[in-house]
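One structure is given below, encoded as structure tokens.
No value in this document is a laboratory result; all are computed from the given coordinates. Not measured: the values here are computed from a predicted model. Here the Cβ positions follow ideal geometry from the backbone for every residue, glycine too, while neighbour counts run over all protein chains shown.
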């Protein structure tokens, strides 16, 4: 069951590379996405056994992230099919600078999209830190061609930055894995399988200085991929230059995968009694990320970059929640789920706006509500969802993190957290409502743009999920998140 | 064998310092190739007396990829890009070499604080690995040509490899093979991107890649 989750997308990806017919490729994409979603839905009803000699295992931490990934990918696949239909092949003109460029072949795009799904699934299911590392590295490599879909110099720059910064980060994480192996060898002497389960069991015997060093390296390494400030510099570029559907997956799914990597390491630290040591780092990385994102959000001229910085903010919130522990750790896990849906929704809507206005500049987009009304309404709903307003799920999870801080009497942290969230709310609301209101400029786009159902239904579905999670948290999800929080040391 | 291993470590540090002082890119590629061959020897020497098929394979694949395949790939990219030397790096060559020496001293300091358990095959493993990594990072941030940055990344990975084969002697083969595989694909993808940068900008100067700034 678990190996099927990894292998089906990979096999379909290979098929896609060799398929000539565009419609067949799109059908394959949708089919693989539906299969993946079906299997991960089934895991809620029947606990799947381990696969690959225990290297693949679905535990309480993996379960919610796997479902988020499946749901998001299915929705993104539907949107991608609509997107690929609109993107006619051949030479096209750049919106911003007017030069001509081509897109990458569609076979490469679809294939890489499916490989991306396969590698992200592998990250979530890995029970072995070595395999986890390989999978995270593979996500970088399979997503780089996606960012470089539009073949021009800006996306090339973004791809180069992404590859360089994330590869160095992943290199540091590898060194962290080796340090962990040393920490384990010093106790037992024998061979060391880097199995998370086994490491947790004999965590007390791990050599502490090496374990601490390993934790820092892994945090910095996977933190780069997760977009924690000050290691986030690749993120705004990659998210703004990639096609919107790819941005949605990067923000909604890939950042989560890096977060899972960090959770695994944290799990071992907690078992070894180093929980408080690790949490100190999380709190500072978290606050720094939220603060830095707030600063860049306020004066942002490009709405896709705005959303990208908002991702940095939310990753900071996740780290902060983890650092506070207890109720806040549960809140952080729930927030990861909420953020994925809300952010993916906004990126897909940004794609609709980009298609209608042919610009990414905030100041040139006016009257979204009048020109493309459904997108406009959803855009405002998305704004409320991403800034954690009731009744959306993000409100609940952000409140839980605040409650965690107050319960522990860490009032300064709570005050900074609240203050920064307010600043971010004002910054994002000012920009995004200005885009929605007013009258659309007459010059841009002579023909009246239409909103196809394939561009509307995916973000609408995502928005409904966030809304639903705010009103009613399904008991199975609640139970799984509680078990995951327990594994992370919350009581 | 211990002498041989220590010698290889010292030579690795020398290749790092030499790389920092070079401006001609083809000489830099050759230096990195030499480093790749040295790494294969390190893998053999650090497991002296206990050679098995796995160690031999890792050493052979290491030499083949890091010593031969990558350099050839990069030479091809170099010819396609028609460049000869690095232009005005952000940090000059002599300061770079001095920074490399400082990195070595720093690594010795860190290594003294993290003693290896058991009896490591060489006391120089941790300092050499850290120096190589730091030098790789220095090259990445201080050079402008995309090709030089890719070289820096390779050197950085070499440092991790030294640590991997030298210290984590019992770590699963999965990790070691993963290193080789992923580096291979990483450089393959990077190689493609370098080609694209070359075509797009008629040079592989990353300072031209500066539209996306805050």
| query | At 37 °C and 0.692 mPa s, what whole-number value in µm²/s does Stokes-Einstein give for the translational diffusion of segment A:411-491, with Rh from the Kirkwood sum over Cα pairs? | reply | 186
| remark: Going from the fewest other Cβ atoms within 10 Å to the most, one would list A:21, A:195 as A:21, A:195
| query | On average over all directions, what projected area in square nanometres does segment B:110-157 have, based on the convex hull of its Cα atoms? | reply | 3.6
| message | Taking beta carbons within 10 Å but only from partner chains, what does the mean come to for residues A:130-138? | response | 4
| Shielding of A:160-173 by partners, i.e. mean partner chain Cβ atoms within 10 Å per residue? | 5
| query | Hey, quick one: spin label on residue A:1, modelled 7 Å out along Cα-Cβ, who in segment A:18-47 has an amide N within reach, i.e. under 11 Å? | reply | A:39-47
| At 1.306 mPa s and 10 °C, Stokes D of segment A:155-232 from Kirkwood alpha-carbon radius, µm² per second | 118
| task | Using only alpha carbon positions, build the gyration tensor of segment A:94-144, then give the equivalent ellipsoid semi-axes as the square roots of 5 times its eigenvalues, largest first, whole angstrom. | result | 32, 11, 7
| field | Relative contact order of segment B:19-98, defined on C-alpha pairs under 8 angstrom at six or more residues apart (%) | value | 47
| Percentage of Cα-Cα pair distances in segment A:251-369 greater than 25 Å, rounded to whole percent? | 32
| field | Rg to Rh, two decimals, where segment A:1-66 supplies the alpha carbon set and Rh follows Kirkwood | value | 1.06
| remark: Exposure proxy check on A:150, A:239: fewest-to-most Cβ neighbours within 10 Å is A:150, A:239
| request: State, in angstrom, two size descriptors of segment A:55-111 derived from its alpha carbons: Rg to one decimal place and Dmax to the nearest whole number. | output: 17.4, 50
| message | Based only on Cα atoms, what mean projected area does the convex hull of segment A:335-441 have, in nm²? | response | 6.8
| 13 Å tail of the calculated P(r), segment B:7-53, as % of Cα pairs | 57
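Test of understanding: ordering A:241, A:97, A:157 by Cβ neighbours within 10 Å, fewest first, what list do you get? Show your work: numbers first, answer last.
Numbers: A:241 27, A:97 11, A:157 24.
Least to most surrounded, the residues fall as A:97, A:157, A:241.
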| request: Please work out, to two decimal places, the log10 of the ratio I(q)/I(0) at q = 0.22, 0.28 Å⁻¹ from a Debye calculation in which every Cα of segment A:258-310 carries one identical scatterer. | output: -0.81, -1.00
| message | Give me the three principal axis extents of segment A:1-142 from the C-alpha atoms, as integers in angstrom, largest value leading. | response | 52, 27, 27
| Gap in Å between the Cα centre of segment A:296-353 and the Cα centre of segment A:463-477? | 17
| request: Between residue B:192 and residue A:358, take the C-beta separation as r, use R0 = 30 Å, and let me know the FRET efficiency to the nearest 0.05. | output: 0.55
| query | What is the Cα convex hull volume of segment A:138-182 when expressed per residue in Å³? | reply | 42
| Once you treat every alpha carbon in segment A:104-260 as an equal point and sum by Debye, what is log10 I(q)/I(0) at q = 0.17, 0.18 Å⁻¹? | -0.92, -1.00
| Could you list, bin by bin from short to long, the percent of Cα-Cα pairs of segment A:302-350 in 10 Å steps? | 27, 47, 21, 4
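Using the alpha carbons of segment A:176-281, what is the convex hull volume per residue in cubic angstrom, as a whole number?
Taking the convex hull of the Cα positions in segment A:176-281, it is 96 Å³ per residue.
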| Tail beyond 14 Å, pair distance distribution of segment A:347-386 (Cα, percent) | 41
| Any idea how far the Cα center of segment B:109-162 sits from the one of segment B:25-65, in Å? | 15
| task | Report Rg(Cα)/(2.2 N^0.38 Å) for segment A:368-414, keeping two decimals. | result | 1.63
| note | Each label sits 7 Å from Cα toward the beta-carbon; between residue A:14 and residue B:60 the label points are separated, in nm, by 2.5
| request: Treating each Cα of segment B:1-137 as an identical point scatterer and ignoring solvent, apply the Debye formula and state log10 I(q)/I(0) at q = 0.11 Å⁻¹. | output: -0.46
| message | Run the helix sum for chain A: -39,500 (n - 2.57) per DSSP H stretch of 4+ residues, divided by residue count, reported at 222 nm to the nearest 500 deg cm²/dmol. | response | -25000 deg cm²/dmol
| query | Tell me, what is the Rg over Rh of segment A:99-182, with Rh the Kirkwood radius over Cα pairs? | reply | 1.07
| query | Taking a quarter of the surface of the Cα convex hull of the protein assembly as shown, what do you get in nm²? | reply | 28.4
